[in-house]
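This report concerns only the one structure given below.
Nothing in this text is a laboratory measurement; each read-out follows from the coordinates by a stated rule. In this text the structure is predicted, and so the values were computed from the model without any measurement. All Cβ positions, even for glycine, are placed from backbone atoms using ideal geometry, and neighbour counts span all protein chains on display.
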């Protein structure tokens, strides 16, 4: 796909479903990947509200030239129930962010947020093995990142969430899968951790509250975001002002694009007519 | 929308649903119109089989950034039942080819095939008023064209269809709306008519049978197609070989693009950020 005028009846389609939708950057990155591969494939963004998810996904099953779709806020957890097949990782995390539409309309769900986040850290020269990590959030993305960080060899994981019951539940599941790892529920203070990760949606909208107490942040700490738009959130500005090393949300997405393409069944090379 | 890289979360979407899908040319033409208007709007082609129409359309209602869609073979008649509101013309013709998605997900259906066909003839300097017309087909497009030709002032209309009961039914409805017009069911011989119109899908696929008996075609006759791809069908080749003036399917679509854009609520000019 090189030009808008190439979009036609033979184009294989991909989608990203989200609410809100304006901030998504995945179509731009995925369409660039399709362009590089010379593929007649296109990704579009679909605005789907939480209350409409089942109806929308049922409809997507009926589109024979739709190859797959990315699922993002607020649908990642709800999407789990709507897939016919799930990867082991999606089952463990309890969320889905990439769906492949099989030829008979069945949906295969996987989760790549965690793998993508860890790959994004490494792409920027940050190796999480041995880190003590403070993770904010207990939703779909936080779940995936918790398990991927545990797999990557962090030595301590503190999970903080506004609804503490959700944090407790995630802590229990990570402990069960990684018994030798120190995992506990945290307060709003991220002090004493090498890496501080925001995996909540706070920062997506202007005027959002900060996801943690930033007063105690020290220059030895790395503060990472998973929010892509705006690239600099209030949390990152606060961390920067306190001399912390910051890690924006975009490297995670860049790392995920190839993983997502593979997850939706996009071939590595194309035979073009 | 100027470039693939402009497609993102803010893009307003349009679709065309069809089966088969490969031949559709509407996305190319509509996206060129959006480009000319500097609009962040995009049309994609969705492959929807007849058995999946209800499921797909129910899903399209749930896409909040979908503004509307074009309906083509084989869904035009079935789409009538799936709209919440219908134009007078769609009710009379009994088919829908353009749907506007209202903000609450309700669907408003209209039919522009007939208007587009007549506009396409006029664009090529052919004025149907006073013509005797032989029309092949009794499906959605044929219905729309029959009523539009009657409105345009043809003096005689002969309708031929493989399933004669459908032709009889269409003849009765046109007679009822235009009592002074001579309307009758025809044989496979288009002789004695000024204008011969193929409004069946025969010619879409290689190896399709001819939609009428071409042996009697004479150089004084004009033979018109509504099939866009291939641009030259076996019928047009046969007509050309017998010295007839031919009229391809594309002018009808070109004429329809602006009508369709209006039908899906596309504004004439955009305020771009």
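Selection within the range B:113-172: residues that are in contact (Cβ under 8 Å) with a residue 60 or more places away in the chain and in a strand (DSSP E or B). The member of this set that is farthest from residue B:189 (Cα to Cα) is B:132.
Scanning the range A:215-248 for residues that are farther than 18 Å from residue A:132 by Cβ and in a helix (DSSP H, G or I) gives A:234, A:235, A:236, A:237, A:238, A:240, A:241. State which residue is surrounded by the most Cβ atoms within 10 Å (Cβ to Cβ) when the search covers only the range A:57-82 and only residues that are more than 24 Å from residue B:47 (Cβ to Cβ) and more than 14 Å from chain B (Cβ to nearest Cβ). In this case the residue turns out to be A:76. For the range B:83-93, enumerate the residues that are surrounded by fewer than 24 Cβ atoms within 10 Å (Cβ to Cβ), out of contact with any strand residue (DSSP E or B) (no Cβ under 7 Å at 6 or more places or on another chain) and free of Cβ contacts under 8 Å to residues at least 60 places away in the same chain. The answer is B:88, B:91.
Of all the listed residues (B:251, B:190), the sole one being part of a loop (DSSP other than H, G, I, E, B) and either without any contact (Cβ under 8 Å) to a residue 60 or more places away in the chain or buried (at least 18 other Cβ atoms within 10 Å of the Cβ) (or both) is B:190.
For residue B:119, the requirement of being away from chain A (no Cβ under 14 Å), crowded, with 22+ Cβ neighbours inside 10 Å and under 15 Å from the mean Cα position of the chain (by Cα) is not met.
One residue stands out among those in the range A:20-41 that are more than 8 Å from every other protein chain (Cβ to nearest Cβ) and under 17 Å from residue B:31 (Cα atoms): the one that is surrounded by the most Cβ atoms within 10 Å (Cβ to Cβ), which is A:41.
Restricting attention to the range B:100-112 and to residues that are touching a residue at least 60 places away in the same chain (Cβ under 8 Å) and within 13 Å of the chain's Cα centre (by Cα), the residue that is nearest to the other protein chains (Cβ to nearest Cβ) turns out to be B:112.
Looking only at residues of the range B:1-19 that are more than 8 Å from chain A (Cβ to nearest Cβ) and farther than 15 Å from residue B:97 by Cα, we find that the one that is nearest to the chain's Cα centre (by Cα) is B:12.
The requirement of being free of Cβ contacts under 8 Å to residues at least 60 places away in the same chain, surrounded by 16 or more Cβ atoms within 10 Å (Cβ to Cβ) and within 18 Å of residue B:26 (Cα to Cα) is fulfilled nowhere in the range B:203-211; no residue meets it. Taking residue A:270 as the residue in question, decide whether it is touching a residue at least 40 places away in the same chain (Cβ under 8 Å) and farther than 15 Å from residue A:115 by Cβ. Spelling it out, residue A:270 is indeed touching a residue at least 40 places away in the same chain (Cβ under 8 Å) and farther than 15 Å from residue A:115 by Cβ.
Among the residues of the range B:42-56, what is the count of those that are assigned to a helix (DSSP H, G or I) and either at the interface with chain A (Cβ under 7 Å from one of its Cβ atoms) or within 19 Å of the chain's Cα centre (by Cα) (or both)?
Applying the first criterion (assigned to a helix (DSSP H, G or I)) to the range B:42-56 yields B:50-56.
From the residues that got through so far, the ones that are either at the interface with chain A (Cβ under 7 Å from one of its Cβ atoms) or within 19 Å of the chain's Cα centre (by Cα) (or both) too are B:50, B:52-53, B:55-56.
The number of residues fulfilling the criteria is 5.
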